[in-house]
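Each reported figure results from applying straightforward, stated rules to the coordinates on display, with no laboratory input. Values in this document were obtained by computation on a predicted structure and should not be read as measured data. When we count neighbours, we look across all protein chains shown, and the Cβ atoms used for this are built from the backbone with ideal geometry, even at glycine.
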């Protein structure tokens, strides 16, 4: 009798297992494709302070403001991420000098290290745009020992604000982002009042955090 019952249950278990495997593979494929498309559309800025002291944190913000101002001037006529990245690479030494001048003007003797490459980012909100955790191209600036808190923003599309928690992303920046993504991908980073969209965003966030080992 037990053997008979198991023989009836076995097909159900196999179907359930296969269905679960299919859903998992589909979810991973979806997350990978969407994350890659969003990553391909964004060039980020990452500034790391020397330490968490008040002085070093204030210095970090001053360096940030100087770099953003310079990059905004350089890239004002750029229409895509690749152009902004190339502009940053061409002026990498200038960016280093600007950072070190700000450091020196504020009475510090730290070096600034400027890198342009891929970096892992946690989920971050920029005004009314949210970018999921993932690996992004970034301009990374390390101040001194680079053991302090990070500061993140987006160089392209331009989403950098002095106060990112309350800033509203300009329509021009949203349009540039929208042109780089399909409708669903853009909805994922811009809509917060849709339960289905929110669920998909959380799915991407969970998978990416697990993949990158982020909390």
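Of the residues 78, 160, the one with the fewest other Cβ atoms within 10 Å heads the list, and the complete ranking is 78, 160.
Could you work out how much longer the chain between residue 149 and residue 116 gets when fully extended? Use 0.36 nm per residue separation minus the Cα distance between them, nm to one decimal.
On the way: separation 33, 0.36 × 33 = 11.88 nm, distance 1.92 nm.
Here the answer is 10.0 nm.
Spacing of the modelled spin labels on residue 195 and residue 125, each 7 Å from Cα toward Cβ, amounts to 2.1 nm.
Among 121, 156, 199, the ranking by other beta carbons within 10 Å of each residue's beta carbon, starting with the fewest, stands as 199, 121, 156. Extension gain for residue 106 to residue 61 (0.36 nm times residue separation, less C-alpha to C-alpha distance): 15.0 nm. Shape analysis of region 21-132 based on the Cα gyration tensor places the equivalent ellipsoid semi-axes at 32, 18, 12 Å, largest first.
Computed over the Cα atoms of region 42-212, pair by distinct pair, the Kirkwood hydrodynamic radius stands at 16.7 angstrom. If each of residue 182 and residue 97 carries a label point 7 Å out from its Cα toward its Cβ, how far apart are those two points in nm? Using points 7 Å along Cα→Cβ, the separation is 4.6 nm. Counting every other Cβ atom within 10 Å of each residue's Cβ, 47, 206 order from fewest to most as 206, 47.
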